[in-house]
Amino acid sequence: MQPQAFIFDLDGVITDTAEFHYLAWKQIGAELGIEVDRKLNERLKGVSRMESLERVLAAAPRPLDLSAGEKEQWATQKNLLYQGLIETIRPSDRLPGIDELLKSIRNADLLLALGSASRNAKVVLERLGLAGAVDYIVDAGQIRFGKPHPETFMNAADYFGIPYEACVGVEDSAAGIEAINAAGMFSVGIGSPDALREAKYLVADTSELTLGGILEAYRGDEDCGSPFRL
Ligand code: BG6
Ligand code: MG
């Protein structure tokens, strides 16, 4: 089987917004008396805003017992901080190697989708000047189940009408790699082997990504193709 589509995560893959999410949660944590360090942050990557808040709250030294309304307020507060941080994003903030990879995918006539858990995905993509660069966008508004559930990735493949095993997913989060694998797609991880041990193909950062390298690893992967069914 040849790959027919690439489905990219956004935050931490196309641009370094993963760092902005981290800084915003760190500040919210400080206001709540909870230390949000990089280890905890690995578990916040790829998951929804409210699930991230739950994970931050679970790290409190003493249970905080917030009402649903208070949780909404903290999640809104985090989003305001985040939106302030992404205001300055511009095309030069695309991560190294991403432009070349997107170009190679296009030149090879492969389909391209964005699969993000973020409700800010479209605005970030626009600020990066990439709104027209993808064929389809799946964001939190279109799915019932967030990563690590495979729905985000399955939704893109279903839209294209192609088999899951003909898709390559690119992710920087453990939740995202789990979602790609659960869909029976080929997972490309960006990050450390510690955090992303389940990735089928792993690079330390985006500058190491090449279409040739990914395709070679895809062809060498025998287990790709045990599709998940809802
Ligand atoms: C993901 C990020 O892309 O989007 C998570 O990796 C974030 O860290 C999630 O929580 C939701 O983002 P937003 O912008 O809707 O709060
Ligand atoms: Mg990410």
Those residues of the stretch 25-48 which are within 10 Å of ligand 1 (Cβ to nearest atom), in a helix (DSSP H, G or I) and surrounded by fewer than 23 Cβ atoms within 10 Å (Cβ to Cβ), in sequence order
Asn41
Residue among Asp158, Asp172 that is within 16 Å of ligand 2 (Cβ to nearest atom) and among the charged types (D, E, K, R):
Asp172
Selection from the stretch 79-126 of residues part of a loop (DSSP other than H, G, I, E, B), out of contact with any Gly (no Cβ under 7 Å at 6 or more places or on another chain) and on the phi < 0 side of the Ramachandran plot yields Ile89, Arg90, Leu95, Pro96, Ala108, Leu110, Ser116, Ser118, Asn120
Out of Asp172, Asp205, which single residue is within 16 Å of ligand 1 (Cβ to nearest atom) and of a type in the set (D, E, K, R)?
Asp172
Out of (1) out of contact with any helix residue (DSSP H, G or I) (no Cβ under 6 Å at 6 or more places or on another chain); (2) under 25 Å from Gly84 (Cβ atoms); (3) away from ligand 1 (no atom under 14 Å from the Cβ), the one Gly129 does not meet is (1)
Which pairs turn up if I take residues in the stretch 136-150 that are of a type in the set (Val, Ile, Thr) and look for partners that are surrounded by fewer than 18 Cβ atoms within 10 Å (Cβ to Cβ) with beta carbon separation below 7 Å, at least 6 apart in sequence or on another chain?
Ile137/Lys122
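Residues are listed down the side, and each one gets a yes or a no for (1) within 16 Å of ligand 2 (Cβ to nearest atom); (2) at pLDDT below 95; (3) over 24 Å from Thr210 (Cα atoms):
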{"site": "Ala68", "(1), (2), (3)": "no, no, yes"}
{"site": "Lys71", "(1), (2), (3)": "no, no, yes"}
{"site": "Asn79", "(1), (2), (3)": "no, no, yes"}
{"site": "Ile89", "(1), (2), (3)": "yes, no, yes"}
{"site": "Leu95", "(1), (2), (3)": "yes, no, no"}
{"site": "Gly115", "(1), (2), (3)": "yes, no, no"}
{"site": "Asn120", "(1), (2), (3)": "yes, no, yes"}
{"site": "Leu128", "(1), (2), (3)": "yes, no, no"}
{"site": "Val138", "(1), (2), (3)": "yes, no, no"}
Quick one: how many residues across the stretch 132-154 are surrounded by fewer than 19 Cβ atoms within 10 Å (Cβ to Cβ) and not in a loop (DSSP other than H, G, I, E, B)?
5
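Filter the stretch 182-208 for residues that are in a helix (DSSP H, G or I) and without any contact (Cβ under 8 Å) to a residue 24 or more places away in the chain and give the result.
none
The values are calculated or read from the model by the stated rules, or taken from the named source; none is laboratory data. The model shown is predicted, which means the values in this text are computed figures rather than measured ones. A quick note on method: Cβ atoms are made from the backbone with ideal geometry, for glycine too, and the neighbour counts reach across all protein chains shown.
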